[in-house]
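Colleague: First, the structure itself, so that you have it in front of you.
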Amino acid sequence: MSNRNNEAFDIQDLRVFASVVANGSMTGAAKQLQIGQPAVTRTIKDLEAAVGFSLFERNGPRISPTAKGLSFFEDAQQVLASFQQVSTRAAALREERLQSLTLVATPAMAAGLMPALLHGLGEMLPPNIGLPTMDAEHLAHALHVGAADFGICSKPLAHADLECLRTATSSLVAILPPGLDDTSLDLARLNHTRLLTVGNSYRIKHAISAALADQGIEPQAELTTNSSLNAIVAARAGLGIAIVDPVSAYGVGVSGAKVVPLETEIRYEWGLFRRSGGLGSELETRLCESFCDASKSLGASCDA
């Protein structure tokens with residue numbers, strides 16, 4: 001890289017950088033990539049000159065990514081994934097068959113819906129499957145840059161360059177702590193106990209807060225997390241009442257968790273997305289069918 005006067009960087013430079021971040025050291029990256037440590041050090045130095053900011057904070061032999069370096073690492077991962085997609089698609093064209101499929105999903109969808117969806121593809125399931133998990137905002141970016149073929153997450157996700165192929169609709173549900181034998185949950189119970197739920201204020205938490213405000217209900221306390229599975233397990237442990245998505249509640253099936261409907265319906269939707277402008281295929285058609293089948297098995301309705 002040094003012979004390019006730090007004016008550009010290539011895919012190998014990004015691989016070296018990503019390896020250093022993953023290993024936490026230049027030495028570890030050199031061993032992983034089977035190259036000399038001086039070459040790794042030189043690549044990182046030249047890459048920092050090319051991007052115009054420090055990628056790592058250095059304390060002797062120990063290094064850690066800077067805030068900008070960590071953000072750049074996320075972008076580098078997307079680029080590396082996109083490059084792998086291009087390579088895989090080239091192989092597919094050469095061999096005239098689909099070699100791989102990359103689907104990105106939020107953790108709830110990956111755990112509660114994706115296994116049944118992929119199983120539903122049957123013989124059309126490619127030999128190599130990629131299933132990275134991420135939040136909805138990063139999922140949209142992965143589809144935008146071509147790092148993934150399809151994505152599944154809760155709605156809304158109305159980005160201009162994304163197309164929603166199918167939408168499933170259901171309602172949020174409650175997970176009761178031990179000792180509560182209710183067959184449904186009156187939201188007023190939250191006036192006297194802790195609410196456990198996912199903390200994204202633009203998705204589940206926003207819908208729950210609106211429903212509680214409509215009824216003048218204020219939870220005694222709250223525990224918010226970035227995973228509905230965490231909320232379910234917390235309810236099972238007796239920390240409060242969880243209100244979560246039905247995909248996690250029914251699709252994962254946490255042992256010992258008591259799932260009941262809410263007396264006040266709180267609508268919940270999720271969708272199958274792709275980048276706009278893509279051409280339909282036989283696999284895409286089957287994927288849409290399998291998405292709806294898997295969603296309906298969880299009690300949801302699905303548009304056609």
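Colleague: If you take the residues of the stretch 174-207 that are under 17 Å from LEU229 (Cβ atoms) and under 21 Å from the mean Cα position of the chain (by Cα), which of them is surrounded by the fewest Cβ atoms within 10 Å (Cβ to Cβ)?
Modeller: Checking each candidate, the answer is GLY199.
Colleague: Moving on to the next point. If you take the residues of the stretch 55-73 that are surrounded by fewer than 14 Cβ atoms within 10 Å (Cβ to Cβ) and of a type outside the set (Lys, Arg), which of them is modelled with the lowest pLDDT?
Modeller: PRO61
Colleague: Just to verify a result, which residue in the stretch 139-164, among those that are surrounded by 18 or more Cβ atoms within 10 Å (Cβ to Cβ) and in contact with a Lys or Arg (Cβ under 6 Å, 6 or more places away or on another chain), is farthest from PHE83 (Cα to Cα)?
Modeller: SER154
Colleague: For the condition closer than 18 Å to VAL198 by Cα and over 12 Å from the mean Cα position of the chain (by Cα), what is the one hit in LEU117, LEU125, LEU157, LEU121?
Modeller: LEU157 is the lone residue from the list that is closer than 18 Å to VAL198 by Cα and over 12 Å from the mean Cα position of the chain (by Cα).
Colleague: Name every residue in the stretch 183-235 that is of a type in the set (Val, Ile, Thr), closer than 22 Å to VAL252 by Cα and in contact with a strand residue (DSSP E or B) (Cβ under 7 Å, 6 or more places away or on another chain), in order of residue number.
Modeller: THR183, THR197, VAL198, ILE204, ILE208, THR224, THR225, ILE232 - these are the residues of the stretch 183-235 that are of a type in the set (Val, Ile, Thr), closer than 22 Å to VAL252 by Cα and in contact with a strand residue (DSSP E or B) (Cβ under 7 Å, 6 or more places away or on another chain).
Colleague: May I ask you to verify whether GLU218 is in contact with a helix residue (DSSP H, G or I) (Cβ under 8 Å, 6 or more places away or on another chain), of a type in the set (D, E, K, R), more than 29 Å from HIS144 (Cβ to Cβ) and part of a loop (DSSP other than H, G, I, E, B)?
Modeller: yes
Colleague: Which one is surrounded by the most Cβ atoms within 10 Å (Cβ to Cβ) among residues in the stretch 27-43 that are under 29 Å from the mean Cα position of the chain (by Cα) and touching a residue at least 12 places away in the same chain (Cβ under 8 Å)?
Modeller: Among them, the one singled out is ALA29.
Colleague: For the stretch 254-297, which residues satisfy the criterion of being in a loop (DSSP other than H, G, I, E, B) and under 19 Å from ALA140 (Cβ atoms)?
Modeller: SER276, GLY277, GLY278
Colleague: Additional query: For the stretch 145-155, does any single residue satisfy the condition of being assigned to a helix (DSSP H, G or I) and either over 21 Å from LEU283 (Cβ atoms) or at pLDDT below 90 (or both)?
Modeller: The answer is no, given that none of the residues of the stretch 145-155 is assigned to a helix (DSSP H, G or I) and either over 21 Å from LEU283 (Cβ atoms) or at pLDDT below 90 (or both).
Colleague: What number of residues within the stretch 269-294 are of a type in the set (Phe, Trp, Tyr) and modelled with pLDDT under 95?
Modeller: 0
Colleague: Return yes or no: is ALA242 within 18 Å of ASN200 (Cβ to Cβ) and more than 20 Å from the chain's Cα centre (by Cα)?
Modeller: yes
Colleague: Any chance the stretch 178-185 includes a residue that's of a type in the set (A, V, I, L, M), within 20 Å of TYR268 (Cβ to Cβ) and modelled with pLDDT of 90 or more?
Modeller: Yes, the stretch 178-185 contains at least one residue that is of a type in the set (A, V, I, L, M), within 20 Å of TYR268 (Cβ to Cβ) and modelled with pLDDT of 90 or more.
Colleague: Considering each residue of the stretch 229-250, count those that are touching a Pro at 6+ places or on another chain (Cβ under 8 Å) and buried (at least 18 other Cβ atoms within 10 Å of the Cβ), and give that number.
Modeller: Within the stretch 229-250, residues that are touching a Pro at 6+ places or on another chain (Cβ under 8 Å) and buried (at least 18 other Cβ atoms within 10 Å of the Cβ) number 5.
The values are calculated or read from the model by the stated rules, or taken from the named source; none is laboratory data. Given the structure is predicted, the values throughout are model-derived calculations rather than measurements. Cβ coordinates were reconstructed from backbone atoms using ideal geometry, including for glycine residues, and neighbour counts include every protein chain displayed.
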